[in-house]
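The block underneath contains the structure these notes are about, expressed in structure tokens.
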Amino acid sequence: MARRVAVVAGGHSKFGKRLDATVRELCAEAYKPIYDEGITQDRIDATVLSYAASQFTGQGAGSALIADYLGLQNKPHLRVESACATGTASLRAAYGMIASGLYDVMLVLGVEQMNRVSSATATEYMARAGDMRWEYPFGISFPAFYALMASRYISEYNLPHEVLSMISVKSHHYGAQNPKAHLPKEVSLEEAHNAVPICRPLNLYDCSLITDGAAAVVLVAEERVKEFTDRPMWIKGIGAGASQMMIQDRPSLTSIPGAKQAAKAAYEMAGLKPNDINMAEVHDCFSIAELIAYEDLGFAEPGKGREIVENKENYHDGRIPVNCDGGLKSKGHPLGATGISMTYEILKQMRGEADKPSRQIKDVQYGLVHNVGQSGQFVNIFIYERGF
Amino acid sequence: MAEQKELYLGYATDKAVTPFFDKFLRELENEKIMKSKCTSCGTEYLPPRQHCQKCLSECELEEFTEREAKLYSYVIVDFGPESLASKTPYVVAIGEFPSGLRLTAHITNLMAPPEVGMPLKLAFEKIDEKRVTYKWLV
């Protein structure tokens with residue numbers, strides 16, 4: 001029987017256009033609060049670095065650089081890459097190493113530095129996560145993949161664009177209350193709906209941000225948890241899934257096959273159902289992605305995700321609060337940091353430590369993280385349980 | 001800075017062309033689209049694969065003759081990757097043929113916004129003396 005594993009601490013840098021820092025300084029910013037809680041380097045057995053896109057920095061051997069910078073130069077480390085799902089892929093790797101007994105205490109760090117190149121260059125780099133032979137030559141950028149899903153969804157379910165804009169309005173409402181957020185400001189439905197087009201049918205407010213930032217959590221084996229905290233958050237269920245590389249090969253564009261697969265596995269492992277989940281952090285790299293996530297996670301039937309939006313069930317006091325930290329849209333999306341940041345947010349919410357009462361979700365027993373790489377080729381879903 | 005070069009099928013063809021893929025590109029010059037068929041289990045692929053996804057056997061190129069398709073989904077790219085920034089806005093479409101095979105390419109002659117389900121026709125375009133690509137027409 002595998003050992004249980006808990007998240008015992010977390011740290012989070014300010015997200016934003018961070019020209020005052022590069023990957024190493026951002027990682028230090030994320031690890032420092034953990035260090036200050038007493039989890040010093042000597043207590044950590046090994047690290048996993050979630051660092052999705054080294055082309056932005058040109059730095060190879062990233063996990064060596066970061067480990068050294070943080071004073072972990074003599075601790076084993078490795079780097080994981082799974083596009084935008086790198087954060088949870090790293091957590092999955094660390095979970096496996098701890099559950100198997102290889103290590104007891106691991107620091108999982110996620111980071112990305114994306115703003116030292118132009119938006120066009122950043123879009124270029126991310127487009128190369130499409131099939132370089134058959135998709136990239138047609139200029140299918142990262143938003144374009146999700147726009148292909150949006151066009152199909154809009155057509156199949158007769159979805160008005162305003163529903164997507166309502167998701168962005170909610171993201172910004174909560175991002176405005178999150179001191180770590182990249183773009184902490186409220187937007188109106190009108191602004192969101194009429195914004196400049198990026199990849200029609202998606203406009204500027206349907207798209208997440210190009211962000212610099214880092215986040216970190218510490219995972220510990222069951223028998224050692226008490227040494228670290230009396231408020232652990234247990235990993236209750238993990239599910240991973242995958243989808244076809246080329247988007248044209250997907251059987252449907254109104255759902256992400258890998259997300260449904262991952263959700264089923266995570267719920268099964270946790271012994272829980274969608275109705276049991278008290279809050280979710282979902283991968284809203286684009287507004288349409290959040291809508292599809294509601295359905296893939298079983299919070300709504302296919303085609304009915306809009307009801308959650310229109311009834312505001314996704315707000316902090318609603319039936320299924322989603323992304324009450326601002327999400328990728330307003331908090332920001334530093335690729336490698338995102339999955340870790342989502343996990344950090346659930347830890348904070350469970351501990352009642354959301355920054356403001358106006359975004360504190362009440363009594364979170366079970367929280368879910370849904371982290372999607374590229375356009376769904378990689379999906380990891382974690383279900384966490386409050387352990388106090 | 002990203003590399004500035006004209007995009008073409010098999011980006012960075014100087015680095016990524018194989019004899020199999022090169023044959024696909026040469027046939028495009030003759031305005032032929034090639035699919036591939038597994039020599040062992042017969043599964044067909046468009047665009048072609050050299051190795052069968054099911055049994056990893058070698059595939060052979062075969063001419064793909066369907067031309068009429070329906071628009072499965074589309075995107076109008078207003079803000080593109082650096083390498084295609086000068087071409088925006090452009091429309092990328094997934095077309096589905098009656099056989100169920102699909103292909104992704106630009107629609108180049110739209111006068112009105114595209115609609116899912118609209119008919120598309122597969123056509124060819126000469127980029128320069130040596131290179132031909134495929135595209136959708138409405």
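The values are calculated or read from the model by the stated rules, or taken from the named source; none is laboratory data. What you see is a predicted model, and the numbers here were worked out from it, not measured in a lab. No Cβ is skipped: glycine too gets one built from the backbone with ideal geometry, and neighbour counts run over all protein chains shown. Ligands, DNA and RNA are stripped out before the accessible areas are found, and what is left, the full protein with its side chains, is counted by its heavy atoms. Shrake-Rupley method; radii C 1.70, N 1.55, O 1.52, S 1.80 Å.
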Inset, instruction - Provide a list, ordered by number, of residues in the stretch B:42-84 showing at least 30 Å² less accessible area with every protein chain present than when their chain is taken on its own, using a 1.4 Å probe. - result: B:47, B:72, B:73, B:74, B:75, B:76, B:78, B:79, B:81, B:82
Inset, instruction - Select from the stretch B:55-138 those GluC sites (Glu not before Pro) which occupy a DSSP coil region and have at most 12 other Cβ atoms within 10 Å, ordered by residue number. - result: B:115, B:129
Inset, instruction - With springs only between Cα atoms under 10 Å apart, run a GNM on chain A and tell me which of A:290, A:186, A:310 wobbles the most. - result: A:310
Legend entry - Whole-Hz ³J(HN,Hα) from phi, Karplus 6.51 cos²θ - 1.76 cosθ + 1.60, for the stretch A:72-78, glycine and proline x: 10, 5, 9, 10, x, 8, 8
Legend entry - Highest-MSF residue in chain A out of A:65, A:164, A:219 [GNM, Cα springs under 10 Å]: A:65
Inset, instruction - Would you tell me the mean number of C-beta atoms belonging to other protein chains that fall within 10 Å of each C-beta in A:197-207, as a whole number? - result: 4
Legend entry - Helix A:86-99 vs. chain A, principal-axis angle (Cα, 0 to 90°, nearest 10): 40
Inset, instruction - List, in order, the whole-Hz ³J(HN,Hα) value for each residue of the stretch B:19-24 obtained from phi through the Karplus relation with A = 6.51, B = -1.76, C = 1.60 and θ = phi - 60°; use x for Gly and Pro. - result: x, 5, 5, 4, 5, 4
Inset, instruction - Return the single residue from B:73, B:99, B:57 with maximal mean-square fluctuation; model: Gaussian network over chain B, springs between Cα atoms under 10 Å. - result: B:99
Inset, instruction - Compute, for residue A:269, the solvent-accessible surface of its heavy atoms (probe 1.4 Å) with the complete set of protein chains present, and express it in square angstrom to the nearest 10. - result: 90
Legend entry - Calculated diffusion of the stretch B:66-138, Stokes-Einstein form, Kirkwood radius summed over Cα pairs, 20 °C and 1.002 mPa s, µm²/s: 168
Legend entry - Accessible surface of the stretch B:12-65 [probe 1.4 Å, protein heavy atoms]: carbon and sulfur percent: 43
Inset, instruction - List the accessible area buried at the contact between B and A, summed over both sides and calculated with a 1.4 Å probe, in Å² to the nearest 100. - result: 3300
Legend entry - Long-range amide H partners of residue B:34 with built H, under 5 Å: B:64
Legend entry - Antiparallel DSSP beta bridges within the protein assembly as shown, percent to nearest 5: 80
Legend entry - Under 29 Å from the Cα of residue B:54 - lysines, other chains or at least 8 residues apart: A:260, A:264, B:15, B:23, B:32, B:35, B:37, B:70, B:135
Legend entry - Accessible area (Å², 1.4 Å probe, nearest 10) - residue A:24: 80
Inset, instruction - Have a look at chain A and give its Rg and Dmax from the Cα atoms, expressed in angstrom. - result: 19.1, 57
Inset, instruction - Would you mind telling me the share, in percent, of accessible area of the stretch B:66-138 contributed by carbon and sulfur at probe 1.4 angstrom? - result: 57
Legend entry - Helix A:142-157 vs. chain A, principal-axis angle (Cα, 0 to 90°, nearest 10): 50
Legend entry - the protein assembly as shown - accessible surface per residue (Å², probe 1.4 Å): 38
Legend entry - Surface share of carbon and sulfur [accessible, 1.4 angstrom probe, percent] for the stretch A:52-144: 48
Legend entry - For the protein assembly as shown, calculated [θ]222 nm from helices alone, where every DSSP H run of n ≥ 4 adds -39500 (n - 2.57): -8500 deg cm²/dmol
Legend entry - Kirkwood Rh in Å, taken over the stretch B:19-66 so that all alpha-carbon pairs contribute: 10.5
